[in-house]
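Just below is one structure, and these are the notes that go with it.
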Number of protein chains: 2
Amino acid sequence: MNTETIINALSNPIRLKIIVWLKDRSNFPPALPEHANEEGVCIGYIQEKAGLSQSTISSYMSKLKQAGLVDSERHGQWTFYRRNEAAIQAFMDAIATELLANKK
Amino acid sequence: MNTETIINALSNPIRLKIIVWLKDRSNFPPALPEHANEEGVCIGYIQEKAGLSQSTISSYMSKLKQAGLVDSERHGQWTFYRRNEAAIQAFMDAIATELLANKK
DNA sequence: TTCATATATCGAACTATATCGATATGCTAT
DNA sequence: ATAGCATATCGATATAGTTCGATATATGAA
């Protein structure tokens, strides 16, 4: 994904927080027993933590996904979101190369 | 300066480009002889390169300055802008710590 | 099939950002 | 003083982003 799209996705404070929260599963309530072996966090928990409406968080998550920062997987009625670590790392490398004077 | 303000300043593609352009003085026309020992680039050159109106670039530069990404110095009727390398580096460190899973 | 739950999409209202031209300020030279 | 530049600020308009509630879709259970 391109740098500009990603910066845009991260330029909203709640979306940025979501990416940070997702670093650590313990930022959210424990998964239900039947989801014990799913990776990621269901969107309901993210919504609850963010304190915004369900529709807002749904569209935020799809924006983060479009930017490549998260992946999602649907299991039954739940959608689980998790960070795309490789994409995040690649973005950090790209932005560092672009911005820092001593690089490139 | 805080991370959120900086991300916002960088979330405009022209502002981001300006910061990148300022890495290398040769992205701009040579300084006038009487400005030979000024650091930075006068805003007129930045405007010319960006191709936006003078007022737009002026406010972009003041936004970048407020975010701490550039410093400015006025000499006579000219204002010279240059990158604040320390601030840019500090921002990169902060955002890497915040975003990357293996940090902090 | 019908109901409840989780998530997604739609439409609207409000706020913020981008961007311009016009005007103001400040400096330099005449 | 005044005229001419470089830059800054102001006011306006258009576009984009935020955020919500309402509605749609998909799934699982009764």
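Check each residue of the range A:77-99 and keep those whose accessible area, probe 1.4 Å, is at least 30 Å² smaller with all protein chains in place than in the chain alone; give them in order of residue number.
Residues losing area: A:Gln89, A:Met92, A:Glu98, A:Leu99.
When chain B is turned about an axis onto chain A, which of its residues keeps its C-beta closest to that axis, and how many Å is it?
B:Ser11, 2
Can you pull out the buried accessible area for chains B and A, both sides counted, probe 1.4 Å, rounded to the nearest 100 Å²?
For chain B against chain A, roughly 2100 Å² becomes buried.
Over chain A, average the accessible area per residue using a 1.4 Å probe and give it in Å², no decimals.
Value returned for chain A: 53 Å² of accessible area per residue.
Please sort through the DSSP H helices of chain B and keep those with an alpha-carbon extent of at least 20 Å along the long axis and a Kyte-Doolittle average not below 0.0.
Those that pass (Cα extent of 20 Å or more, hydropathy at least 0.0) are B:85-99.
With bins 5 Å wide starting at 0, give me the P(r) of the protein assembly as shown over every alpha carbon pair, in whole percents.
Final binned percentages: 1, 7, 14, 17, 16, 12, 9, 8, 6, 5, 3, 2, 1, 0, 0.
Please report the relative contact order for chain B, taking Cα pairs under 8 Å with a sequence separation of at least 6, and give it as a percent rounded to a whole number.
For chain B, the relative contact order is 29 percent.
Can you tell me what percent of all Cα-Cα pairs in chain A are more than 18 Å apart?
When all Cα pairs of chain A are counted, 48 percent exceed 18 Å.
How large a share of the accessible area of the protein assembly as shown, in percent, is made up of carbon and sulfur atoms when the probe is 1.4 Å and the other protein chains stay in place?
Here it works out to 48 percent.
Run through the other copies and list how far each one's label point is from that of A:Glu98, in nm with one decimal, shortest first; the point sits 7 Å from Cα along Cα-Cβ.
1.7
The values are calculated or read from the model by the stated rules, or taken from the named source; none is laboratory data. On a predicted model such as this, the values are computed, not experimentally measured, just so you know. Please note: Cβ atoms are built from the backbone with ideal geometry, for glycine as well, and neighbour counts cover all protein chains shown. The protein model used for the area step is the full one, side chains on, heavy atoms only, and it has no ligands, DNA or RNA in it. Shrake-Rupley method; radii C 1.70, N 1.55, O 1.52, S 1.80 Å.
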